[in-house]
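See structure below.
The values are calculated or read from the model by the stated rules, or taken from the named source; none is laboratory data. Keep in mind that what you see is a predicted model, and the values were worked out from it rather than measured. Positions of Cβ are backbone-derived with ideal geometry, glycine not excepted, and every protein chain shown enters the neighbour counts.
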Amino acid sequence: MISRPKAASSRPQRTKETPASLQPIDARWRVAGPPPEGFYLDLENIAPRGSLALASSLLYNRNIRTDADAACFFNDGLDAMHSPSVLPGIGKAVEVILEAVRNNEGIGILGDFDADGITATAIIVLTLRKLGIEPKYHLPHREIEGHGIGLEALDRFHEQGVKVVITVDTGIAAFKEVEYANKVLGIRTVITDHHVPQGDHLPNAAAIVNRHLSDDPRLADFCGAATAFKLALALLAEADQPPAPELIPLAAVGTLADQTELSGDNRIIVREGLKMLDNSAPPGLIELTRLVMNQIRHNGPFDAEFVTFQLAPRLNAPGRLDSADPSLQLLIATDIYQAMQLASLLDDANRKRRSVAEKAWRASQPKIDAALSDGQNVMPIEVDATLPMGVLGPLAGNASDYAASPAFAYQIVDGIARASARSVPGFDIHQALEAIANKLLRFGGHAAAAGFAVEADLIPEVTAHLETQMSWSSLSSTADERVIKTADAELSPSQLGPSLWEFVNLMAPFGSGNPEPRFLIRNAETANINYMGRNQDHVRLNLKDDTGRSFRAVGFGMADSLPPTRIVDAVVSLKTDYYRGVRRNELRLHDIAASHQGN
């Protein structure tokens with residue numbers, strides 16, 4: 001095993017006495033149970049050669065269990081999407097908006113400062129332009145205004161002659177703000193939001209579009225951008241306008257950025273939108289895509305990972321550091337030169353955002369390790385109030401992944417703690433916070449992510465409440481047990497043929513609800529180990545079986561995870577890499593440990 005000088009690892013060591021790389025891989029992974037005996041799907045010759053059972057099993061693990069479901073999964077296109085009318089409230093929303101268009105009334109759009117809210121806002125701006133209206137729009141400043149509808153924003157719209165305000169990705173809890181708009185300003189409000197309503201009580205808006213107001217099984221778990229996209233389709237159809245294909249990639253980016261479940265219409269939106277990123281998207285999104293492509297020397301088809309780790313962070317960056325306006329200006333730009341300038345601005349902001357995030361993580365990791373050592377199941381992290389508030393969400397997400405526990409990061413300003421929370425599958429963080437809503441100054445979100453504000457001296461009480469809720473949940477009470485993950489199958493390198501790569505590519509896009517297949521390989525030999533990256537924290541190596549068959553494998557951030565042994569067990573996924581014009585099948589390492597079979 002090649003060694004290299006390196007700073008101390010920042011990765012979790014769950015058992016301090018035994019490094020993770022020397023623990024059996026079975027301490028962290030299990031293989032999914034097989035489907036019922038004789039279960040096969042009719043996959044119309046797309047299954048890997050000689051591996052129909054494996055292909056059927058991969059789909060079975062994703063709840064695709066009939067031939068009809070499989071046909072939809074692989075073949076459904078835009079024409080298979082459900083009508084926008086399935087969304088509750090959309091008919092009334094269309095009526096209110098088109099009435100304002102016909103009467104030439106001022107329309108304002110109030111969005112949110114994350115990638116979902118920004119893409120949602122851009123969708124409605126571009127749609128209204130197609131209807132002959134140049135709307136006003138506003139994205140709140142994260143630190144000054146926070147999430148939601150602000151009274152000052154409503155006042156500004158009123159001064160600008162706005163008569164109808166459309167909210168996107170926000171508004172479902174804006175009771176007093178909607179009343180203020182109604183009674184004081186004479187503004188009608190159309191709320192489009194995907195966050196969970198607070199009980200049965202709803203704002204007194206002219207229309208509310210929210211998928212949670214119906215249990216219709218045809219409804220996907222739409223994010224703010226997909227909800228806006230459905231409204232856009234309904235508006236254009238009712239106004240006898242042609243469809244707007246450039247809106248699809250915007251909805252796809254918002255859906256992936258919000259980590260929404262990729263099933264039903266969401267899967268169709270993302271799959272079709274990814275095909276359009278560098279050709280049919282709005283000019284600004286095309287320029288940002290091409291800028292990133294040039295940086296990473298990518299020239300192949302786009303996948304969900306490209307959006308999640310390349311585009312979304314750049315769209316989020318300005319709003320995490322200051323105002324999100326440059327991101328919205330990029331997405332609605334019509335001038336190519338302006339779009340190029342804004343794309344570069346977002347790229348620069350992302351570099352600054354990463355530097356700030358790294359600083360926050362370095363300061364927070366010892367606190368998380370201490371909480372883990374104390375056996376805590378919820379990770380509260382206080383963040384230096386001098387750092388931008390935009391670090392809270394990503395930090396909470398990193399902490400939740402690191403500790404396999406719910407986590408919230410917060411800052412205290414003038415005696416008030418403002419927090420962003422992230423959860424783990426099986427624990428509804430929004431529901432848990434709702435149980436103490438009377439203690440909170442405000443809160444909102446959904447099962448996986450939420451935000452709240454509370455008097456600072458109540459943080460211990462909030463933490464204790466979440467700990468109690470975790471102890472009552474169906475999850476294990478120990479983080480070590482919760483880090484057990486599931487691989488789809490155990491394979492040998494000899495089973496990794498090109499047709500399996502092709503089949504896995506057909507299963508994309510991957511994300512929530514459709515996880516990327518992962519495979520356990522045992523007793524493989526490592527060779528040709530190379531360390532990569534500015535800090536030498538990535539690794540590239542070959543995995544070989546006893547026949548000499550070899551595959552290149554890449555592990556990002558895994559340089560410190562390699563065991564000091566030649567024979568290893570590894571968990572991998574199948575990637576098709578496009579770099580400098582070369583297409584190459586390779587393995588992506590997700591875990592690696594000393595093999596206990598062949599050392």
Sole miss for Phe229 among (1) in contact with a helix residue (DSSP H, G or I) (Cβ under 7 Å, 6 or more places away or on another chain); (2) surrounded by fewer than 23 Cβ atoms within 10 Å (Cβ to Cβ); (3) aromatic (Phe, Trp, Tyr) is condition (2)
Residues within segment 369-390 that are over 22 Å from Glu455 (Cβ atoms) and buried (at least 23 other Cβ atoms within 10 Å of the Cβ), tallied: 2
State whether the residues of segment 510-521 include one that is free of Cβ contacts under 8 Å to residues at least 60 places away in the same chain and either surrounded by fewer than 21 Cβ atoms within 10 Å (Cβ to Cβ) or within 22 Å of Phe309 (Cα to Cα) (or both). yes
Between a residue in segment 350-376 that is closer than 19 Å to Pro388 by Cα and any residue that is basic (Lys, Arg), which pairs come within a Cβ distance under 6 Å, given they are 6 or more apart or on different chains? Asn350/Arg314; Arg353/Arg320
So, first residue in contact (Cβ under 8 Å) with a residue 40 or more places away in the chain and within 13 Å of Ala205 (Cβ to Cβ) in segment 162-185, second residue part of a strand (DSSP E or B) and basic (Lys, Arg), Cβ within less than 6 Å, six or more apart or across chains; the pairs are Val164/Arg188
Restricting the first residue to segment 314-328 and requiring it to be among the polar types (S, T, N, Q), which pairs with a second residue that is assigned to a helix (DSSP H, G or I) and buried (at least 20 other Cβ atoms within 10 Å of the Cβ) meet a Cβ separation below 6 Å and a spacing of at least six or different chains? Asn316/Ala115; Ser327/Ile118; Ser327/Leu315; Ser327/Pro318
When segment 232-269 is checked residue by residue, the ones that are closer than 25 Å to Ile64 by Cβ and in a loop (DSSP other than H, G, I, E, B) are Asp258, Gln259, Thr260, Glu261, Leu262, Ser263, Gly264
In segment 530-540, residue nearest to Thr576 (Cα to Cα) [restricted to those that are surrounded by 16 or more Cβ atoms within 10 Å (Cβ to Cβ) and touching a residue at least 24 places away in the same chain (Cβ under 8 Å)]: Val539
Condition met for Ala570 (crowded, with 17+ Cβ neighbours inside 10 Å and touching a strand residue (DSSP E or B) at 6+ places or on another chain (Cβ under 7 Å)): yes
Does segment 193-210 contain at least one residue that is of a type in the set (Val, Ile, Thr) and under 13 Å from Ile90 (Cα atoms)? yes
Boolean, Arg362 is outside the structural domain of Ile248 (by TED's automatic domain parsing), part of a helix (DSSP H, G or I) and within 19 Å of Leu288 (Cα to Cα): no
Among residues of segment 541-560 being surrounded by fewer than 18 Cβ atoms within 10 Å (Cβ to Cβ) and closer than 21 Å to Thr486 by Cα, the residue modelled with the highest pLDDT is Phe556
